[in-house]
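To keep things clear, I will list the structure first and then write my remarks on it.
Please treat every number below as a calculation from the coordinates, not as lab data. As the structure is a computational prediction, the values presented were derived from the model and not from experiment. Because the Cβ atoms are built from the backbone with ideal geometry, glycine has one as well, and the counts that use them run over all protein chains shown.
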């Protein structure tokens, strides 16, 4: 589900049939994050920089530079999302987990898009839908 209230942010949410603890693991354990998003050296320490790495393309250098900004274990995680390349993007990703009957509502806010970030905005919206809606769902289903 997607709601675009402002052109500077993406808001998405998914109702997942898994408990919050399991969804939290998928968001925070590097081996699991690599299954649905990108390989990362993420360590859950506020202020600690980390990176996501992927295949470069003409609009992106293949590296997302991040830093943990907020951490409420099992409930909320926020980090910077700074992507290099011709388009460039200096933004913030915030995940919120809410227990619901039968699972977890996972909400995402990706904020900080500016004029000229149209390709990044479109790519991020499609990527989050694919990576969370399809790839994370598969990773969660495969977890013990």
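A few points about this structure:
- Enumeration of residues in the stretch 53-73 that are under 16 Å from the mean Cα position of the chain (by Cα) and within 20 Å of residue 131 (Cα to Cα): 53, 54, 62, 63, 64, 65, 66
- Scanning the stretch 5-18 for residues that are in contact (Cβ under 8 Å) with a residue 12 or more places away in the chain and either within 12 Å of the chain's Cα centre (by Cα) or surrounded by fewer than 16 Cβ atoms within 10 Å (Cβ to Cβ) (or both) yields 7, 8, 10, 11, 12, 13, 15, 17.
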